[in-house]
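Some notes on the structure that comes next.
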Amino acid sequence: MITDILEKPASSAIDPFSAEYFRDPYPFHAQLRDAGPVVWLEKWGVWAVARFEQVQAVLGDWRTFCSGAGVGIVNEKKMGGWRKPSALLETDPPEHTANRAIVSRILSPVALRALRATFEKEAEALVSRVVGAGDLEGMADFSEAFPMKVFADAVGVPVEGRHHLVPWGNMVFNGMGPRNALFDRAMANADEVTAWISAACRRENLTPDGLGAQVYKHVDAGEISEEHAALLVRSFLSAGVDTTTFAIGNALFCFAQHAEQWDMVRANPGKVKHAFEEIMRFESPFQTFFRTTTRDAEISGVVIPQDSKILISVASANRDPRKWDRPDTFDIGRSTAGHVGFGAGIHGCVGQMIARLEVEVLLTALAKRVSRIEMRGEPERLLHNTLRSFATLHVRFHA
Ligand code: OVV
């Protein structure tokens, strides 16, 4: 029990779940960082950390800042959530450790090597379809099309009904926010979408050689139950589509706006890998999520009571001038070491290697064929409780 209040906490009226914030979060990030190391958000009655140092500290201390009460704004231990908690995202050690070990092996770099050739072939095919094809809607026709094909194939999801993965991702990630209009809209068709997802996670509906089927090997080995395997497969479907779709969209936007950076990639395709890390820093697709205090906790001298929700803005940490030089400059030549676009600590993105593989392969294929990514008209910003990208992004890929 901490008895001395060391510092008076900063307080802010900023609403990180408002349309104004989603349209341009960066000035709000600066205000939150400057307000203090941890800030009370009056509108929702939760805390927020927006500086790099404190974001890293919170993510590094799962004993104090747990995930088992959910990583959305709702305390799922107290209130219950809208879905059964994820066995990976919303658990703490020791349960988390065992689940993570299973998925981590399935998604390890060595295990993923077998996927590269197929991803490359599909990337070439997609790029061939879009290059010189005139005006395209870069989200649906490109950014979403790729993961929906290669990731869904890799997991081994049925082709029929696959479109349900998009509204499901919308439910999962908007569902981490408060009960606002975005939340309600995402849940509008929840029963039908959930039914399809549940079925897709079952052994008999997965291809026998995919990543999903590999989870069921642990059932055969007597380690986990059939239901538990289905829940782990659900994590692939929840975390693997929107995140990469939106990362690709953000990449198109960054390179359309910074043609000289695209020229650098084209001049040296070996730079693609690193360029993706800068995209993850500069326009992190997964912007915010929560932790919950397991006890009275101290952050830089401020006492946060037990059972408090803390918003973690990885997006803000990735642009904190206390950490980064010229944080608001998109520069594929900079060091991106330490960015928290994939999170950090024991919950750091377990799928980051497959995400990197997808984006690297796709941007490499694009760099070979496309001299310029031209934005056609104003992109339409996606208003979303946790993810940052575009609803529509009209582009033209010049040969
Ligand atoms: C990282 C992430 C995001 C969304 C859902 C999940 C994980 C999950 O495990 O369900």
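The values are calculated or read from the model by the stated rules, or taken from the named source; none is laboratory data. In this text, all values refer to a predicted model and were calculated from it rather than measured experimentally. Cβ sites come from the backbone with ideal geometry, for glycine too, and all protein chains shown count toward neighbours.
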Can you confirm whether the range 175-192 contains a residue that is farther than 30 Å from Lys43 by Cα and either out of contact with any Gly (no Cβ under 6 Å at 6 or more places or on another chain) or surrounded by fewer than 19 Cβ atoms within 10 Å (Cβ to Cβ) (or both)? yes
Breaking point among (1) farther than 20 Å from Arg388 by Cα; (2) not in a helix (DSSP H, G or I), for Ala154: (2)
Got a number for residues in the range 157-183 being of a type outside the set (D, E, K, R) and assigned to a helix (DSSP H, G or I)? 15
Could you list all residues from the range 184-208 that are part of a loop (DSSP other than H, G, I, E, B) and within 11 Å of Val157 (Cα to Cα)? Cys201, Arg202, Leu206, Thr207, Pro208
Pull up the range 78-96, narrow it to residues that are away from the ligand (no atom under 13 Å from the Cβ) and touching a residue at least 60 places away in the same chain (Cβ under 8 Å), then point me to the one that is surrounded by the fewest Cβ atoms within 10 Å (Cβ to Cβ). Lys78
Report whether or not Gly222 is within 16 Å of the ligand (Cβ to nearest atom), small (Gly, Ala, Ser), at pLDDT 95 or above and under 19 Å from Arg203 (Cα atoms). no
Please pick out the residue among Asn250, Asn268 that is surrounded by 21 or more Cβ atoms within 10 Å (Cβ to Cβ), of a type outside the set (Phe, Trp, Tyr) and more than 16 Å from the ligand (Cβ to nearest atom). Asn250
Take the residues in the range 326-345 that are within 19 Å of Glu53 (Cβ to Cβ) and β-branched (Val, Ile, Thr); name whichever of them is nearest to the ligand (Cβ to nearest atom). Val340
Which condition does Glu298 not pass, out of (1) charged (D, E, K, R); (2) within 16 Å of the ligand (Cβ to nearest atom); (3) touching a residue at least 24 places away in the same chain (Cβ under 8 Å), if it passes all the others? (2)
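Which members of the range 271-286 meet the condition of being part of a helix (DSSP H, G or I), out of contact with any Phe, Trp or Tyr (no Cβ under 6 Å at 6 or more places or on another chain) and buried (at least 20 other Cβ atoms within 10 Å of the Cβ)?
Answer for the range 271-286, where residues must be part of a helix (DSSP H, G or I), out of contact with any Phe, Trp or Tyr (no Cβ under 6 Å at 6 or more places or on another chain) and buried (at least 20 other Cβ atoms within 10 Å of the Cβ): Val272, Ala275, Phe276, Glu278, Ile279, Met280, Arg281.
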Subset of the range 278-316, residues more than 20 Å from Gly345 (Cα to Cα), in contact with a strand residue (DSSP E or B) (Cβ under 9 Å, 6 or more places away or on another chain) and among the charged types (D, E, K, R), comes to Asp296, Asp307
Yes or no: Asp331 surrounded by fewer than 24 Cβ atoms within 10 Å (Cβ to Cβ), part of a loop (DSSP other than H, G, I, E, B) and touching a residue at least 40 places away in the same chain (Cβ under 8 Å)? yes
The lone condition Gln214 fails out of (1) more than 30 Å from Phe390 (Cα to Cα); (2) free of Cβ contacts under 8 Å to residues at least 60 places away in the same chain is (2)
Can you pull out every residue in the range 231-245 that is within 12 Å of the ligand (Cβ to nearest atom) and either free of Cβ contacts under 8 Å to residues at least 12 places away in the same chain or in a helix (DSSP H, G or I) (or both)? Leu231, Leu232, Val233, Arg234, Ser235, Phe236, Leu237, Ser238, Ala239, Asp242, Thr243, Thr244
Restricting to the range 39-53, and then to whatever is more than 20 Å from Ala69 (Cα to Cα) and of a type outside the set (D, E, K, R), can you tell me which residue is surrounded by the most Cβ atoms within 10 Å (Cβ to Cβ)? Ala50
